[in-house]
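First comes the structure, then the notes that go with it.
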Amino acid sequence: MVSVDKQAAPAAGRGLLSSWAQRHLNLCFVAGFLLVLLTYLVVSQQFAATSPVAVPTTTPHRKHQAIKSPGAGAGEAGSTQGGRGGAGKTEARPAHEQQQEAGPPKAEGRARRAGKRDDDAAAKPFDNGKVVCIASPFSYTCDVFGDVRTNGTARTVTLVPATSRPERREWSIQAYARFNMTGIPNVTVTQLDSTSAGSPAPACTVTHRVPAIVLALGGHLGNYFHDFSDALVPLFVASRRYGGEVQLLAGNIQPWWLGKYEAVVRRLTKYEVLDLDHDDQIRCFRHVTVGLNMHKEFNIVPELVPGGVPLSMANFTAFLRETYSLPRAAPISLTNDSSPPVDAKKRKPRLMLLDRGHYRKLVNVPEIVKAAEKAGFEVTIADPRFNVRVKELAMSVNSFDVLLGVHGAGLTNSAFLPPGAVVIQVVPYGKLEPMAQREFGDPAANMGLRYLEYSISVDESTLLETLGPDHPAIKDPDSVHRSGWDKVAEYYLGKQNVRVDVERFAPTLALALDHLRRQ
């Protein structure tokens, strides 16, 4: 625009000079001067209307620590914006009362349909800004678009409207993936009423050019299954679309968790994770997601993935293979007749037997090993400990073709198996099949694994010996379920061990081998 105007001004000047050269020379000079001045003013106003507020800065290099101290974050610049608000509050509602607020801005919606990242859409005007809150069976999350400001120490996320809004609204969000976890403070999401001067929004001290995700750690984390189900999978779903260009603000920070899963977090964000609870900066974003949405236990519903590009558990396991450089993307091939002859032992599929060291323990491991070897497997007994390095564990599990274990957190390692491998879940007595299917069966199938389930009979449960045949937990499992989850957990998960009937179990092993032969 500037270059065109500069060319137009001399052209107009020459036209004036040729028309008035002799008679009005002085008037011509005055007119030319005024024309140049007018052009300058028009160009200046147009430039000011389209220039960004923040001064661009270079993206800093990534550091080695996973947590950043309070202060300026990555991908940001200084800002002096202000705002104001009023009063009122709306509490987060449970799943059965779920409600979705006004939809995302049109620019963002178009970006999703086109398969673009939301931070691309966030660079465009968001009209007056929007707050979109959605409840799921497990979670309550809010997406805030527009002039969004976070105050970590106050645990607030505030939308400052560009123009007047009729009312001020608030949502109280627990940024953990499950409702109502104890020990995790809520984050208040506020949509200000721009006509109220009673509570002005604080000025930005840091302005980010990337979107943000506010999440909470703690809760059930520390249990290996919940590390994945409550945090890693929902975080993958929320952040993968940004290709690393997203800032994480973590409340209730757990340094050990960020250290244990640092490799995963590093691939989801290029920036240091900020400690929300101790962040005294007023950070400004164009898009902030508050909370993680858990679709199902240890699972992903592709239709619920934000960003317009559906993800699945198969995408999640592929991401883990890339993250930990896992070499195998397929199980052993037992049907390749064209391959040169090899040692028969090397052609045996490998089976990892998870040997729990506490409740729900297999009490006849040697018999199970012999039965699996008789079926044609090479068997390794494993009892992964909490402090094992995830990289080492992932590499080990990835080298196997079958993962066998009683219902429990160890089966979470199915995420590291090569697609096409087999998961065999031994379901304890007590009508736990729906839970077993939901937590490991459905996820395994969605990972591209073959899932087999072996439900033990009452004769294979140590509860028969410890409680006797007349106890309600033996005679009437339905009555235990009706009494509540605490009793279910006490008897069927906390007091029960398993003695597998190897003859009854043999057909399940045969099915696993047959599946590998057909790969």
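Listed values, structure above:
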quantity: Checklist (1) buried (at least 16 other Cβ atoms within 10 Å of the Cβ); (2) out of contact with any Ser or Thr (no Cβ under 8 Å at 6 or more places or on another chain); (3) under 30 Å from Val148 (Cα atoms); (4) of a type outside the set (A, V, I, L, M) applied to Arg321, failing item; calculated: (3)
quantity: Residues that are small (Gly, Ala, Ser), open to solvent by 20 Å² or more (accessible area, probe 1.4 Å) and either in contact with a Cys (Cβ under 9 Å, 6 or more places away or on another chain) or part of a loop (DSSP other than H, G, I, E, B) (or both), drawn from segment 287-318; calculated: Gly308, Ser312
quantity: Residue in segment 204-222 that is more than 25 Å from the chain's Cα centre (by Cα) and either of a type in the set (Asp, Glu) or open to solvent by 10 Å² or more (accessible area, probe 1.4 Å) (or both) present; calculated: yes
quantity: Gly376 vs. criteria open to solvent by 10 Å² or more (accessible area, probe 1.4 Å) and in the same structural domain as Asn446 (by the TED database); calculated: yes
quantity: Test result for Ala201, in a loop (DSSP other than H, G, I, E, B), among the small types (Gly, Ala, Ser) and modelled with pLDDT of 95 or more; calculated: no
quantity: Scope segment 457-474; condition open to solvent by less than 20 Å² (accessible area, probe 1.4 Å) and in a loop (DSSP other than H, G, I, E, B); matching residues; calculated: Thr462, Gly468
quantity: Those residues of segment 415-433 which are without any contact (Cβ under 8 Å) to a residue 40 or more places away in the chain and either surrounded by fewer than 24 Cβ atoms within 10 Å (Cβ to Cβ) or not assigned by the TED database to the domain that holds Ala489 (or both), in sequence order; calculated: Val427, Glu433
quantity: Hits in segment 146-178 - residues which are surrounded by fewer than 24 Cβ atoms within 10 Å (Cβ to Cβ), assigned to a loop (DSSP other than H, G, I, E, B) and not charged (D, E, K, R); calculated: Gly152, Thr153, Ala154, Pro161, Ala162, Thr163, Ser164, Pro166, Gln174
quantity: Pair list, Cβ under 8 Å, 6 or more apart: segment 316-337 residue under 18 Å from Val305 (Cβ atoms), other residue among the small types (Gly, Ala, Ser); calculated: Phe316/Ala415; Thr317/Ala415; Thr317/Gly448; Leu320/Ala394; Leu320/Ala415
quantity: Flag if Ala436 is under 30 Å from Lys374 (Cα atoms), in a helix (DSSP H, G or I), touching a His at 6+ places or on another chain (Cβ under 7 Å) and without any contact (Cβ under 8 Å) to a residue 60 or more places away in the chain; calculated: yes
quantity: Flag for Gly259 being in the same structural domain as Tyr140 (by the TED database), over 17 Å from Asp143 (Cα atoms) and modelled with pLDDT of 95 or more; calculated: yes
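Residue by residue, here is whether (1) farther than 27 Å from Gly376 by Cα; (2) among the small types (Gly, Ala, Ser) holds:
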{"site": "Ser414", "(1), (2)": "no, yes"}
{"site": "Val422", "(1), (2)": "no, no"}
{"site": "Ala436", "(1), (2)": "no, yes"}
{"site": "Phe440", "(1), (2)": "no, no"}
{"site": "Tyr451", "(1), (2)": "no, no"}
{"site": "Ala489", "(1), (2)": "yes, yes"}
{"site": "Tyr492", "(1), (2)": "yes, no"}
{"site": "Glu503", "(1), (2)": "no, no"}
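The values are calculated or read from the model by the stated rules, or taken from the named source; none is laboratory data. Quantities reported herein were computed from a predicted structural model and do not represent experimental measurements. We place every Cβ from the backbone using ideal geometry, glycine too, and count neighbours over all the protein chains shown. Just so you know, the surface numbers come from the protein's heavy atoms only, side chains and all, with ligands and any DNA or RNA stripped out. Shrake-Rupley method; radii C 1.70, N 1.55, O 1.52, S 1.80 Å.
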